[in-house]
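Undergrad: Below is one structure. I have some questions about it.
The values are calculated or read from the model by the stated rules, or taken from the named source; none is laboratory data. Predicted, not measured: the structure shown is a model, and the values here were computed from it. Heads up, the Cβs are rebuilt from the backbone with ideal geometry, glycines too, and the neighbour counts pull from every protein chain shown.
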Amino acid sequence: MSGSNTYPPAPEFSAKAHVGSLDAYLELCQQAAAHPEEFWAGQAEREIEWFEKWSHVFEWRPPFVKWFVEAKLNASHNCLDRHLGKRGSKAAIIFEGEPGDKRTLTYAELHSEVCRFANVLKGRGLKPGDRAIVYMPMVPEAVVAMLACARIGVTHSVVFGGFSAEALKARIQDLDAHAVITADAGWRRGKEVRLKDAVDEAVAECPSVSSVIVHKRTGSAVSMKEGRDHWWHELEEGVTAECPAERLDAEHPLFVLYTSGTTGKPKGILHTTGGYMTYVTSTMKWVFDLKEDDVFWCSADIGWVTGHSYIVYGPLSAGATCIMYEGAPDHPQWDRWWEIIARYKATIFYTSPTAIRALIKQGEAWPAKHDLSSLRLLGSVGEPINPAAWEWYYRVIGKERCPIVDTWWQTETGGILIAPMPGAVALKPGSGTLPMPGILAEVVDFDGKPVARGAEGFLIIKRPWPSMIRTIWGDPERFEQQYFSRIPGIYFTGDAARQDEDGYFWILGRVDDVMNVSGHRLSTMEVESALVRHPAVAEAAVVGKPHEITGQAVCCFVTLKQGDWNHHELAQELRKWVAHEIGAFARPDEIRFADALPKTRSGKIMRRLLREIVTTHSVEGDVTTLEDLGVVTKLASQHDEE
Ligand code: WT7
């Protein structure tokens with residue numbers, strides 16, 4: 001860790017950067033720490049256009065916070081209208097579909113699409129405070145749907161297109177959503193992902209949904225229910241592109257995004273308008289050093305927070321040109337991403353360590369076929385990046401010219417909290433380096449006391465920041481308990497970390513029962529609940545095990561009900577079952593059948609021991625609370641039922 005390579009910013013890069021020296025960075029941090037109100041008011045004034053200013057900057061009554069109290073603004077206005085004068089004919093979205101279809105939308109075009117669709121939503125009776133689900137492929141209409149909701153004050157909840165009908169239904173019901181915006185299907189590896197079919201299955205049990213609006217993407221047959229389902233293009237006929245942006249309160253709910261917690265039930269993370277917009281726009285300059293002529297590409301899906309903050313709200317609010325790609329990186333071949341970077345002369349590329357590791361495996365010949373010289377900055381997000389992957393990304397993609405910003409944040413934090421400002425902070429592969437101004441990150445022990453440099457502890461954030469989670473939708477108690485009870489009144493991230501001698505943060509992973517598979521958060525309990533819904537399964541315990549590409553993989557220990565089971569077939573079936581219950585990305589890597597699971601005397605499953613078994617194939621940790629030691633020795637000596 002210490003002693004690893006460090007990469008100071010290149011003088012040419014620093015000379016042009018928004019924040020061009022370590023002193024300038026430290027000065028910003030000092031101002032933000034000493035005078036937070038003044039600092040954030042300055043950012044809000046510089047980065048956002050307000051209809052009305054705030055009476056005070058923030059109001060902190062732990063665990064609840066309000067930012068820019070009583071101010072009025074509109075997120076869609078900030079992403080569109082305010083750019084029309086200067087950037088009307090600038091490309092906002094450069095889109096490429098998986099089959100190869102291409103489309104560019106200027107700010108003026110995107111603005112009129114959004115206005116028209118906002119009028120469609122109004123025509124369906126949607127009004128400020130209502131909720132709409134967006135369950136879409138990665139096409140510009142997904143962005144249009146989000147911004148149209150924001151324009152009229154409808155709170156959107158984007159559900160990743162890889163989620164199953166079951167998962168979609170749970171989210172619609174938790175939100176009592178009024179509308180679902182979807183598409184017939186999307187393209188993934190040359191196959192259709194049939195979204196409308198999943199919506200039909202989900203909405204059958206969702207009485208709150210009165211409208212389903214369907215964008216025609218692939219053109220294949222879908223069933224349309226009279227009165228409830230409508231084609232997007234038909235509803236738009238004769239609708240004007242005049243739609244003033246609603247004057248919304250700074251604390252108006254902009255979106256709810258579900259993420260896995262430690263129970264089987266996903267949490268609806270609520271983000272509001274003023275603070276979120278201020279923060280994500282600020283980080284576009286601080287972390288991505290965004291300039292007017294940059295071509296920014298974030299390869300995430302808009303169904304995750306990365307897509308919300310760094311495909312839609314951050315880049316568009318900052319007036320950037322963004323690339324949006326619908327499909328898989330290996331379609332038709334493993335150079336699709338490099339081809340896209342070369343074709344549109346992307347200057348900033350932001351992706352995940354899982355993707356990088358998958359690309360490394362395919363070899364250097366693929367990127368070598370393309371001209372990647374337009375790139376000037378690279379980013380990483382979602383999980384720790386191992387130094388070997390970092391070095392490859394730096395050398396093979398960035399040609400040793402492009403800094404890599406390793407960005408640590410969470411669905412709950414709304415925007416990037418720990419990352420290098422690339423013109424100011426020296427990089428160390430594998431470290432997110434230092435916090436943004438105003439982010440008082442610390443590594444503490446069980447009692448909330450700071451640990452010594454070099455020691456491991458819990459990562460906490462001591463002061464509220466503008467884009468922080470406001471609550472868990474419909475469950476303020478869980479919100480307080482999850483984030484503000486470990487150390488009363490202080491935001492607990494759920495991650496373990498260590499600070500090195502330079503104060504750099506090294507993220508060590510989750511301390512709770514949350515796995516990180518391909519940079520997607522998944523709860524062990526969610527997979528366990530899915531497994532025990534299967535008629536053959538008596539009990540299940542799930543742990544993440546190290547995986548060379550996806551970081552972690554889902555490993556399940558299962559005990560069966562009485563019966564004559566074919567273990568091999570059942571393992572296949574349970575894999576499919578979990579994919580159907582949650583989504584394909586949750587498909588278990590391994591199913592192990594056991595006679596019994598290791599439990600404490602009080603009956604709690606000891607996942608810690610199972611984690612040890614899948615990681616080291618033996619158990620050396622403390623087993624004094626274990627009820628039956630025989631269970632563990634048997635599990636440790638057992639092999640996968642593959
Ligand atoms: C968890 C949050 C942030 C958007 C994508 C994931 C892990 C995230 C990093 C990083 C090490 C990271 C943490 C965090 N994580 N980024 N750069 N280095 N770990 O959002 O699904 O809310 O997951 O992902 O464990 O708590 P998420």
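Undergrad: Identify all residues within segment 515-547 that are in a helix (DSSP H, G or I) and away from the ligand (no atom under 16 Å from the Cβ); write none if there are none. Walk me through it before giving the result.
TA: Looking only at segment 515-547, we keep the residues that are in a helix (DSSP H, G or I), and these are 524-532.
Once the filter is applied, which keeps residues that are in a helix (DSSP H, G or I) and away from the ligand (no atom under 16 Å from the Cβ), segment 515-547 yields GLU528, SER529, ALA530, LEU531, VAL532.
Undergrad: Can you tell me which residues in segment 336-376 are farther than 27 Å from GLU292 by Cβ and surrounded by fewer than 15 Cβ atoms within 10 Å (Cβ to Cβ)?
TA: Hits for segment 336-376 are LYS361, GLN362, GLY363, GLU364, ALA365, ALA368, LYS369.
Undergrad: Of the conditions (1) within 13 Å of PHE557 (Cα to Cα); (2) within 10 Å of the ligand (Cβ to nearest atom), VAL511 fails just one. Which one is it?
TA: If we test VAL511 against (1) within 13 Å of PHE557 (Cα to Cα); (2) within 10 Å of the ligand (Cβ to nearest atom), just (1) comes out false.
Undergrad: Within segment 489-502, track down each residue that is at negative phi and within 13 Å of the ligand (Cβ to nearest atom).
TA: The initial filter retains those residues of segment 489-502 that are at negative phi, namely 490-493, 495-502.
Within segment 489-502, TYR491, PHE492, THR493, ASP495, ALA496, ALA497, ARG498 meet the criteria.
Undergrad: Just checking, which of SER485, SER467 is without any contact (Cβ under 8 Å) to a residue 12 or more places away in the chain and more than 24 Å from GLY551 (Cβ to Cβ)? Before you say what the answer is, go through the steps one by one.
TA: Values: SER467 fails: without any contact (Cβ under 8 Å) to a residue 12 or more places away in the chain.
Of SER485, SER467, the one residue that is without any contact (Cβ under 8 Å) to a residue 12 or more places away in the chain and more than 24 Å from GLY551 (Cβ to Cβ) is SER485.
Undergrad: Looking at GLU109, GLU141, can you tell me which residue is within 26 Å of GLN173 (Cα to Cα) and part of a helix (DSSP H, G or I)? Explain how you work it out, then say what you get.
TA: Values: GLU109 fails: within 26 Å of GLN173 (Cα to Cα).
Just one listed residue meets the conditions, GLU141.
Undergrad: For segment 503-512, which residues satisfy the criterion of being in contact (Cβ under 8 Å) with a residue 60 or more places away in the chain and either part of a helix (DSSP H, G or I) or at negative phi (or both)? First the steps, then the outcome.
TA: Going residue by residue through segment 503-512, those that are in contact (Cβ under 8 Å) with a residue 60 or more places away in the chain are 503-509, 512.
TYR504, PHE505, TRP506, ILE507, LEU508, ASP512, listed by residue number.
Undergrad: Right, something else. In the set ALA594, ALA579, ALA586, which member is out of contact with any strand residue (DSSP E or B) (no Cβ under 9 Å at 6 or more places or on another chain), among the hydrophobic types (A, V, I, L, M, F, W, C) and surrounded by 15 or more Cβ atoms within 10 Å (Cβ to Cβ)?
TA: Numbers: ALA594 fails: out of contact with any strand residue (DSSP E or B) (no Cβ under 9 Å at 6 or more places or on another chain); ALA586 fails: out of contact with any strand residue (DSSP E or B) (no Cβ under 9 Å at 6 or more places or on another chain).
Criteria check complete, one pass: ALA579.
Undergrad: Any residue at all in segment 59-79 that's part of a helix (DSSP H, G or I), surrounded by fewer than 20 Cβ atoms within 10 Å (Cβ to Cβ) and touching a helix residue (DSSP H, G or I) at 6+ places or on another chain (Cβ under 9 Å)?
TA: Taking segment 59-79 as the starting set, the residues that turn out to be part of a helix (DSSP H, G or I) are 75-79.
Now narrow it down to the ones that are surrounded by fewer than 20 Cβ atoms within 10 Å (Cβ to Cβ): none.
No, that holds for no residue.
Undergrad: Report, ordered by the first and then the second residue, all pairs with beta carbons closer than 6 Å, sequence separation of six or more or different chains, a first member in segment 245-261 that is among the hydroxyl-bearing types (Ser, Thr, Tyr) and buried (at least 24 other Cβ atoms within 10 Å of the Cβ), and a second member that is outside any strand (DSSP E or B) and modelled with pLDDT of 95 or more.
TA: Partner pairs satisfying both residue conditions: TYR258/ARG171.
Undergrad: What number goes with the only condition from (1) crowded, with 23+ Cβ neighbours inside 10 Å; (2) touching a helix residue (DSSP H, G or I) at 6+ places or on another chain (Cβ under 8 Å); (3) aliphatic (A, V, I, L, M) that ILE490 does not pass?
TA: (1)
Undergrad: Using beta carbons and a limit of 9 Å, which pairs, at least six apart or on different chains, have the first residue in segment 378-391 and closer than 11 Å to ILE404 by Cβ and among the aromatic types (Phe, Trp, Tyr) and the second one modelled with pLDDT of 90 or more and within 11 Å of the ligand (Cβ to nearest atom)?
TA: Pairs that qualify, where the first residue is closer than 11 Å to ILE404 by Cβ and among the aromatic types (Phe, Trp, Tyr) and the partner is modelled with pLDDT of 90 or more and within 11 Å of the ligand (Cβ to nearest atom), are TRP390/PRO353; TRP390/SER380; TRP390/ILE404; TRP390/ASP406; TRP390/GLY430.
Undergrad: A follow-up question, please. Considering only strands (runs of 3 or more DSSP E) fully contained in segment 148-205, which possess at least 2 residues that are within 19 Å of the chain's Cα centre (by Cα) and within 22 Å of THR306 (Cα to Cα)?
TA: On the way: elements: 155-158, 179-183, 186-188, 191-193.
Of the strands (runs of 3 or more DSSP E) lying wholly inside segment 148-205, those with at least 2 residues that are within 19 Å of the chain's Cα centre (by Cα) and within 22 Å of THR306 (Cα to Cα) span 155-158.
Undergrad: Here's a follow-up. Would it be correct to say that GLU400 is surrounded by fewer than 23 Cβ atoms within 10 Å (Cβ to Cβ) and assigned to a loop (DSSP other than H, G, I, E, B)? Can you show your working first?
TA: Details: surrounded by fewer than 23 Cβ atoms within 10 Å (Cβ to Cβ): yes; assigned to a loop (DSSP other than H, G, I, E, B): yes.
Yes; evaluated as a whole, the condition is true for this residue.
Undergrad: Shifting gears a bit: So which residues in segment 499-509 are within 18 Å of the chain's Cα centre (by Cα) and modelled with pLDDT of 90 or more, if there are any at all?
TA: Result: ILE507, single match.
Undergrad: Pull up segment 122-164, narrow it to residues that are surrounded by fewer than 22 Cβ atoms within 10 Å (Cβ to Cβ) and of a type in the set (Lys, Arg), then point me to the one that is nearest to TRP577 (Cα to Cα).
TA: Filtering first and then ranking leaves ARG124.
Undergrad: Please determine, by comparing only the residues of segment 381-411 that are over 21 Å from ALA17 (Cβ atoms) and among the β-branched types (Val, Ile, Thr), which one is nearest to the ligand (Cβ to nearest atom).
TA: This residue is THR411.
Undergrad: Another question about this same structure. Please determine whether any residue of segment 227-242 is without any contact (Cβ under 8 Å) to a residue 12 or more places away in the chain and not charged (D, E, K, R).
TA: Initial filter on segment 227-242 (without any contact (Cβ under 8 Å) to a residue 12 or more places away in the chain): 227, 234, 237-238.
Narrowing the set further to residues that are not charged (D, E, K, R) leaves 227, 238.
Taking every residue of segment 227-242 in turn, at least one turns out to be without any contact (Cβ under 8 Å) to a residue 12 or more places away in the chain and not charged (D, E, K, R).
Undergrad: Do any helices (runs of 4 or more DSSP H) entirely within segment 244-361 hold 2 or more residues that are more than 14 Å from the ligand (Cβ to nearest atom) and aliphatic (A, V, I, L, M), and if so, which?
TA: Working: elements: 274-286, 314-317, 336-344.
Ranges flagged: 274-286, 336-344.
Undergrad: Quick one: how many residues across segment 424-456 are within 27 Å of TRP390 (Cα to Cα), part of a strand (DSSP E or B) and hydrophobic (A, V, I, L, M, F, W, C)?
TA: 3
Every residue, every condition in (1) touching a Leu at 6+ places or on another chain (Cβ under 9 Å); (2) at pLDDT below 95, yes or no:
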site	(1), (2)
ILE416	no, no
LYS428	no, no
PRO435	yes, no
PHE446	no, yes
VAL451	no, no
MET468	no, no
GLY474	yes, no
PHE484	no, no
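Undergrad: Okay, next question. If the requirement is being part of a loop (DSSP other than H, G, I, E, B) and more than 9 Å from the ligand (Cβ to nearest atom), which of these qualifies: ARG478, ARG486?
TA: Testing whether each residue is part of a loop (DSSP other than H, G, I, E, B) and more than 9 Å from the ligand (Cβ to nearest atom) leaves just ARG486.
Undergrad: Still on this model: Out of VAL381, VAL405, VAL444, which single residue is surrounded by 23 or more Cβ atoms within 10 Å (Cβ to Cβ) and under 24 Å from GLN30 (Cβ atoms)? Let's see the steps before the verdict.
TA: Values: VAL381 fails: under 24 Å from GLN30 (Cβ atoms); VAL444 fails: surrounded by 23 or more Cβ atoms within 10 Å (Cβ to Cβ).
Among VAL381, VAL405, VAL444, only VAL405 is surrounded by 23 or more Cβ atoms within 10 Å (Cβ to Cβ) and under 24 Å from GLN30 (Cβ atoms).
Undergrad: Find all pairs meeting these conditions: Cβ atoms under 9 angstrom apart; at least six residues apart or on different chains; first residue within segment 548-570 and assigned to a loop (DSSP other than H, G, I, E, B); second residue loosely packed, with under 11 Cβ neighbours inside 10 Å.
TA: Matching pairs, first to second residue: GLU548/LYS361; ILE549/LYS361; LYS561/PRO535.
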